[in-house]
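The values are calculated or read from the model by the stated rules, or taken from the named source; none is laboratory data. Just so we're clear, the structure is a prediction, and the values are computed from it rather than from any experiment. Every residue, glycine among them, receives a Cβ derived from its backbone with ideal geometry; neighbour counts consider all protein chains shown.
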2 protein chains.
Amino acid sequence: MMRHDNFRCEADRPRYSADELAADLRWWAAANYLTAAQIYLQDNAHLERPLAADDIKPRLLGHWGTGPGLSAIYAVLNRVIRETESSWMFVTGPGHGGPSIVANVFLEGTYSEIYPQVGQDAAGITALCRRFSTPGGIPSHVSVETPGSIHEGGELGYSLIHAAGAAFDNPDLIVACVIGDGEAETGPLAASWRLPAFLNAGRDGAVLPILHLNDAKISAPTVMGRSSDTAIADFLGAQGWDPVFVEGDDPPTVFTALKSAIDVSYTKIRKNQNTDQPVRDWPAIVLRTPKGWTGPAYVDGVPVEGTHRAHQVPLPEVRENPDHRRQLEEWLRGYQASRIFDDGGAVHPDITALAPRPELRMGAGEHANGGKLLRPLPLPPLADYTVDVPDPGRRCLSSTQALGEYLRDLYALDRTPDSGGRFRLFCPDETASNKLDAVFETTGRCWQLPIHDADDNLSPSGRVMEVLSEHLCQGWLEGYLLSGRHGIFASYEAFAMISVSMLVQHVKWLQHAQNLAWRAPVASMNVLLTSTCWRNDHNGFSHQGPGVLDAVLPLAPGVVRVWLPPDANSLLTVADQCLRSRDHVNVVIADKQPHLQYMSEDQAREQVAAGASTWPWAGNQTPDREPDVVLAAAGDIPAQEVVAAAEILRDRLPQLRFRVVNVLDLMALLPPDTHPHGLSDGRFAELFTADRDVVFAFHGYPRAVHQLVHGRPRPDRFHVRGYTEQGTTTTPFDMVVLNGMSRYHLVTEVLRYAPAPLDGVDAVADYCRNQLERHREHIRTYFDDLPEIRDWTFVDAAR
Amino acid sequence: MMRHDNFRCEADRPRYSADELAADLRWWAAANYLTAAQIYLQDNAHLERPLAADDIKPRLLGHWGTGPGLSAIYAVLNRVIRETESSWMFVTGPGHGGPSIVANVFLEGTYSEIYPQVGQDAAGITALCRRFSTPGGIPSHVSVETPGSIHEGGELGYSLIHAAGAAFDNPDLIVACVIGDGEAETGPLAASWRLPAFLNAGRDGAVLPILHLNDAKISAPTVMGRSSDTAIADFLGAQGWDPVFVEGDDPPTVFTALKSAIDVSYTKIRKNQNTDQPVRDWPAIVLRTPKGWTGPAYVDGVPVEGTHRAHQVPLPEVRENPDHRRQLEEWLRGYQASRIFDDGGAVHPDITALAPRPELRMGAGEHANGGKLLRPLPLPPLADYTVDVPDPGRRCLSSTQALGEYLRDLYALDRTPDSGGRFRLFCPDETASNKLDAVFETTGRCWQLPIHDADDNLSPSGRVMEVLSEHLCQGWLEGYLLSGRHGIFASYEAFAMISVSMLVQHVKWLQHAQNLAWRAPVASMNVLLTSTCWRNDHNGFSHQGPGVLDAVLPLAPGVVRVWLPPDANSLLTVADQCLRSRDHVNVVIADKQPHLQYMSEDQAREQVAAGASTWPWAGNQTPDREPDVVLAAAGDIPAQEVVAAAEILRDRLPQLRFRVVNVLDLMALLPPDTHPHGLSDGRFAELFTADRDVVFAFHGYPRAVHQLVHGRPRPDRFHVRGYTEQGTTTTPFDMVVLNGMSRYHLVTEVLRYAPAPLDGVDAVADYCRNQLERHREHIRTYFDDLPEIRDWTFVDAAR
């Protein structure tokens, strides 16, 4: 394949002329000026008069230290883009360098196009300064409001992961990813250097890591900053990168070397992309420049430029202290405002002319506003995968296996002549374990390292991304989605906690993106939690944890959806809906083991739409009167235990009227003014009555339900059983017993709320007590096969 | 310093004789036999008769693949320990290798000493097999129940971090840390290779990483497994390690090479420890052996040994399939039971004789049962640090700054002639930012890399552990605590989420440890969350997240404590109590910025003991009657807003009777049968009345309070305001307005529950509405200094 057959190689391109260098340094001066001005100035942004105290913002917020390095890279990249006419994205690892990135996208014009109230004229420049880090203004980080950004960088460490996600299946894109200010010490970043093992040069775009070593983080040096070039070269080389080093504090020298490094890298990327061989020498750049470069060298006699003291606001007392103010003025005047602005105070046209043509400007790239490029997935017809459920609660099969077959065919449909594909499954080496392995009938595990005969389903062109890192899986998918594609992250439930803070940040991103008309909606983040707490009976306590649920419940109701499909047809329906949805985070919890099946395809569709439904076949009610009590479930194992409890009650206490409700969309429990999926008051009362007690079996920690039903009538009538952090290596049935959620516990709880007097209550209570005692005895002596798999009966699960 | 002046160097020690090799291979055969037997056999554990279906467990659980490698390392280490008389700990990264580690600690005798019901005799061997992965028996992972373990390894990736934590300040200890089965792909593990930048050879113990490359994880190869020796050597060498490679599938060859590698490593460790120079060439071992080594080579015609198929149970159908059963029998007989057991069926004395002397056995090491070594910290007298509070709610200062002074002197007291220290502060480069920098008056930041003139407080012997990785901070402290020391992890609140799954796993560990009499209590994990959501007004939305709280609330009530000290004296009192406590996870939330001070030292002590108290000075009540409404707060900013709201109400609606309650111990809200800190029903009613409405200002997501108060009388009367995920770069006061928790919102909410008719309610409502409108106008035009810092008034915070 010669995909990039007409790229211009290094030798063809013009050298970096003195004029070009001077022009780029002028862009850089403008960017540095505007960076500092945003941090300091509320007025006199053009320095038309000496700086006065009132020109200074009353509160100085923002980070200077990383900015000059970021702006230097941006300036040189602009020239390379113009020379090569190639498409680049800029990912800012040290996202606190917000003022610098804002300065650059302002200079290139994209900022003003998106925010016309901040024009490139004199008033706009003052507005830019005033708005930065001001309430209602421009946030201090490279946030969702920043043109060209898919990465806020607030939580350091994910830049190279996001960059990789954006590059997958985007063959024409190069993602420049600046890693700086110590984030290379974080775990996720450290793991993300393994990208060359997963990046297919012939199919994917490229990532150009630019490790920006300015020596320090907030208040101390960084490990990489104090490592030798040899150590860094070995470290990167060992993982498939071939770094070029650029170092210095003399701007022309650094710019010239940086230009050459990017040229070399570009050439190498194109060469790599023209081979069919796995690439083990992707270019990377290591850039050593002073922290706070061109800022104050000393402040109050203490060195600042080139030290950690330049990290944030290098002159902290500019408003109060005339010496600091004078020093700020000298610093700003050093950039020569007369060369930055024209006579009218607008950005000088010589500078704006340095931006690439409009659509190639990095602030305008549609890959960083992925919704613009989004096309719906060709989803397979659900009916081809749904299972027959002749009799609810009898048939037993793996719901995720059915989903695997659906995803297998989705992969096939997604492969069109004009597209390498726009869907990927991300999973930490658990695709087969999670019973989704039907996908391997149409695609393989992506793998660029050697492949042996005994390997299963490995392929350089595989589209299942397996790496034993939840951080990489979650973050790669984030980058993939934000650049306009679709995907699913499937994880053992407990281990999705590992990357849950990334999920929280992604919710925040989408929450604010929804407020920005210029950001087109992107495909939702779909997280499938399987191998759940109830069915990690074999792996034990460390594998039992439903906490992701608690972490996402309080987040933006406009973004978060939590689905608990209890069977295959509902899981398929939910998956289909999630893959069609936009700008959401869908957390789907469904275990991989064989489970009872309850709903036909139609019933599943109805219940997914309704959020929660009555299961009349399981309850014992008459239309003419309210039930005495409600039995509710959310989740597959809870549904199983509730259905079994219902059978015990129907058999042994037929005079008790009860209803069985299944909650599939957890957010339906929230009041409707709190969440768009919240059931109306009327519908809630239809399901749960106005005042009857509700015995609720819940997949997760019980008190999560209590937080959801606050605001509903008499919330104290909800009596929730769920996972109470009781676990070890044991049987599945013992898990529900240990956590007090077994059918016998549920029946016993129901009896408490039965209307008195009701004959037979004591006998049923005795029966449950005996059954639990039999179970415990059984466990004490030995364990046997699992009743719900081998010999399912509702009545005596423990036999 | 010549600390290890009498260690025997390589040349002095006897070579690995053929007899020794044969003996160690016999131990290995025994360990492998017992590993497989635990997975498969419920009877006939000595293979005294042909294997029958009934001898096989009905459910086959456990992981074989990593086991033979683990046992080989264990066997050779035993010999090195005997030769060198040195103290070692074994950390099992692939913790699913539980049966292998159990087999080894059983052979060395520690298992039977701790669990006498499983003796080293014939009955004990059967019991061992029957109990493994059986309900009520031995968990399948290297869990807290496993002698010698500080690391379950369920969540892969933390092994080298825990190993490092155990080595800090334990100069005589060497921690062998096996990293295997793909965990090197995880982020935390990838970051943990940076240990040499933080390990002081002259003060700390050593860590010997053993990267066990058996090619595969669950179902695919690993990146490191398919990387060349050169790449791995470069990767490790770049980070301060000097690896020795051992590779093969011929047991005598591998054992001989491994023995030599450990000998060389031991010698090098001792040499390193005898220098005063930072060490950049710590030994490490890269061990390449087949996955499932010595297990079935092929099963059903498919290769298993040496492939991912050996990961878990290599022969899955042994009970049903006679061919599989025959293959299992051949496999087990290959280990020669007659050389493993004596005539009575006990472990052969020739094998048990290979264990090191009792106290040096790795299963018996007290460092892995750290409570045995724990000595209380010499805590400074609190009274030296408490602040004067002449008038509650007027003085403003940074509570964490006061804590920093306390910690400064704790560091000084901790430094005794007989101890290098047993307390450390772990913080991701934020010690100064979090205003704890007084500690630098007595100690420095630990740093083994070059130090420059412009650096602040760096020192190779520093005892503050700063690295920009929450995973490393959290995990190092876990290892430090579990090996018998004390510490604090201080983090920006939002970013503690990054490592929250580690915190969850640590709670699980402590929860189960509390049930084991042989595990002595360890010092608590103290997590200080500062730079909180309310006061990350400058950094913006990504830095605003109180979710750690929601993640820990549902966990073991015997372990988890959540403290919300609103001022310096209460923070100091809580810190003192946390540092004295054992086996808990204390989450302490206290912002670093200047905050109002409310409590004297005595009042703080009383309230910390009580969990929650009335603040009579803030309320407006008479002893003779119940208040009309209760105003409650939990957290510093909530207390500030509640106190301000109370002042508005006292001034403008004096006829309203209300009480102000402050909740400092969040778990006090839980019912007493749910959490040991839960307030008694009587005390709860004393504070919150039996039925009056409670307007509650809360630090975190509001519904967290709703989940806590479920089970209290009329929980729906709690009306909670808190952080509702509304944020950006703005002012602190705007944060409380955006989230509806400002004093004006609180007053407005209180008015809803005031007894009607009450004169003046409308006027107060108008006042609040106007104040909020004034604030919004103020924000729209510009922002000013923060009222609570510059010119605190309760009445008009927005002026």
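Quick look at the numbers
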{"item": "The stretch B:415-453 - residue that is buried (at least 23 other Cβ atoms within 10 Å of the Cβ) and outside any loop (DSSP other than H, G, I, E, B) and, of those, nearest to the other protein chains (Cβ to nearest Cβ)", "result": "B:R445"}
{"item": "Matching residues, the stretch A:39-87, being under 30 Å from A:D263 (Cβ atoms) and not in a helix (DSSP H, G or I)", "result": "A:H63, A:W64, A:G65, A:T66, A:E85, A:S86, A:S87"}
{"item": "Candidate set: the stretch B:156-174, residues that are buried (at least 24 other Cβ atoms within 10 Å of the Cβ) and in a loop (DSSP other than H, G, I, E, B); chosen: the one farthest from the other protein chains (Cβ to nearest Cβ)", "result": "B:N170"}
{"item": "Residue that is farthest from the other protein chains (Cβ to nearest Cβ), among those in the stretch B:319-335 that are part of a loop (DSSP other than H, G, I, E, B) and closer than 15 Å to B:T35 by Cβ", "result": "B:Y335"}
{"item": "Some residue of the stretch B:486-496 being assigned to a helix (DSSP H, G or I), within 13 Å of another protein chain (Cβ to nearest Cβ) and without any contact (Cβ under 8 Å) to a residue 60 or more places away in the chain", "result": "yes"}
{"item": "Identity of the residue in the stretch A:509-526, in contact with a helix residue (DSSP H, G or I) (Cβ under 7 Å, 6 or more places away or on another chain) and crowded, with 24+ Cβ neighbours inside 10 Å, that ends up nearest to the other protein chains (Cβ to nearest Cβ)", "result": "A:M525"}
{"item": "Residue that is nearest to B:D691 (Cα to Cα), among those in the stretch A:689-733 that are small (G, A, S) and within 11 Å of chain B (Cβ to nearest Cβ)", "result": "A:G711"}
{"item": "Complete set of residues in the stretch A:73-120 that are touching a His at 6+ places or on another chain (Cβ under 6 Å) and either within 14 Å of A:E359 (Cβ to Cβ) or not assigned by TED's automatic domain parsing to the domain that holds A:G157 (or both)", "result": "A:M89"}
{"item": "Any hit, the stretch B:527-536, residues being within 13 Å of another protein chain (Cβ to nearest Cβ), buried (at least 24 other Cβ atoms within 10 Å of the Cβ), aromatic (F, W, Y) and in contact (Cβ under 8 Å) with a residue 12 or more places away in the chain", "result": "no"}
{"item": "Positions within the stretch B:175-225 being among the β-branched types (V, I, T) and within 13 Å of chain A (Cβ to nearest Cβ), in sequence order", "result": "B:I179, B:T186, B:I218, B:T222, B:V223"}
{"item": "Failed item, numbered, when B:V286 is tested on (1) under 28 Å from B:R463 (Cα atoms); (2) within 14 Å of chain A (Cβ to nearest Cβ); (3) not aromatic (F, W, Y); (4) not in a loop (DSSP other than H, G, I, E, B)", "result": "(1)"}
{"item": "Residue in the stretch A:57-64 that is buried (at least 24 other Cβ atoms within 10 Å of the Cβ), within 16 Å of A:E305 (Cβ to Cβ) and in contact with an Asp or Glu (Cβ under 9 Å, 6 or more places away or on another chain) present", "result": "yes"}
{"item": "Check on A:G475, more than 14 Å from chain B (Cβ to nearest Cβ) and either crowded, with 24+ Cβ neighbours inside 10 Å or among the aromatic types (F, W, Y) (or both)", "result": "no"}
{"item": "Residues (within 12 Å of B:P283 (Cβ to Cβ) and part of a helix (DSSP H, G or I)) located in the stretch B:223-259", "result": "B:L236, B:G237"}
{"item": "Top-ranked residue of the stretch A:200-228 - restricted to ones that are over 15 Å from A:L77 (Cβ atoms) and of a type in the set (V, I, T), ranked as surrounded by the fewest Cβ atoms within 10 Å (Cβ to Cβ)", "result": "A:I218"}
{"item": "The stretch B:51-83, residues that are in contact with a Gly (Cβ under 8 Å, 6 or more places away or on another chain) and hydroxyl-bearing (S, T, Y)", "result": "B:T66"}
{"item": "Test: A:V500 is part of a helix (DSSP H, G or I) and hydrophobic (A, V, I, L, M, F, W, C)", "result": "yes"}
{"item": "Residue that is farthest from the other protein chains (Cβ to nearest Cβ), among those in the stretch A:105-147 that are β-branched (V, I, T) and touching a strand residue (DSSP E or B) at 6+ places or on another chain (Cβ under 6 Å)", "result": "A:V142"}
{"item": "Members of the stretch B:229-265 found to be buried (at least 21 other Cβ atoms within 10 Å of the Cβ) and of a type in the set (S, T, Y), listed by number", "result": "B:S265"}
{"item": "In the stretch A:298-318, the residues that are closer than 24 Å to A:P58 by Cα, in a strand (DSSP E or B) and not hydrophobic (A, V, I, L, M, F, W, C)", "result": "A:Y298"}
{"item": "Exclusive hit being polar (S, T, N, Q), on the phi > 0 side of the Ramachandran plot and out of contact with any Cys (no Cβ under 7 Å at 6 or more places or on another chain), set B:T294, B:T275", "result": "B:T294"}
{"item": "Strands (runs of 3 or more DSSP E) fully within the stretch A:653-767 counting 2 or more residues that are closer than 25 Å to B:G547 by Cα and at pLDDT 95 or above", "result": "A:693-698, A:718-721"}
{"item": "Some residue of the stretch B:170-183 being out of contact with any strand residue (DSSP E or B) (no Cβ under 6 Å at 6 or more places or on another chain), over 25 Å from B:T289 (Cα atoms) and not charged (D, E, K, R)", "result": "yes"}
{"item": "Residue ID - surrounded by the fewest Cβ atoms within 10 Å (Cβ to Cβ), chosen from residues in the stretch B:454-469 that are more than 8 Å from chain A (Cβ to nearest Cβ) and within 14 Å of B:L195 (Cα to Cα)", "result": "B:P460"}
{"item": "Some residue of the stretch B:22-42 being in contact with a helix residue (DSSP H, G or I) (Cβ under 8 Å, 6 or more places away or on another chain) and at pLDDT below 95", "result": "yes"}
{"item": "Condition broken by B:W293, with the remaining ones in (1) under 30 Å from the mean Cα position of the chain (by Cα); (2) part of a loop (DSSP other than H, G, I, E, B) satisfied", "result": "(1)"}
{"item": "Which listed residue is under 16 Å from the mean Cα position of the chain (by Cα), assigned to a loop (DSSP other than H, G, I, E, B) and modelled with pLDDT of 95 or more, from A:A551, A:A556", "result": "A:A556"}
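For (1) within 23 Å of A:C578 (Cβ to Cβ); (2) touching a Cys at 6+ places or on another chain (Cβ under 8 Å); (3) surrounded by fewer than 20 Cβ atoms within 10 Å (Cβ to Cβ), each residue gets a yes or a no:
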| site | (1), (2), (3) |
| --- | --- |
| A:W617 | no, no, yes |
| A:Q621 | no, no, yes |
| A:E626 | no, no, yes |
| A:L649 | no, no, no |
| A:Q655 | no, no, yes |
| A:D665 | yes, no, no |
| A:G682 | no, no, yes |
| A:R692 | no, no, yes |
| A:A697 | no, no, no |
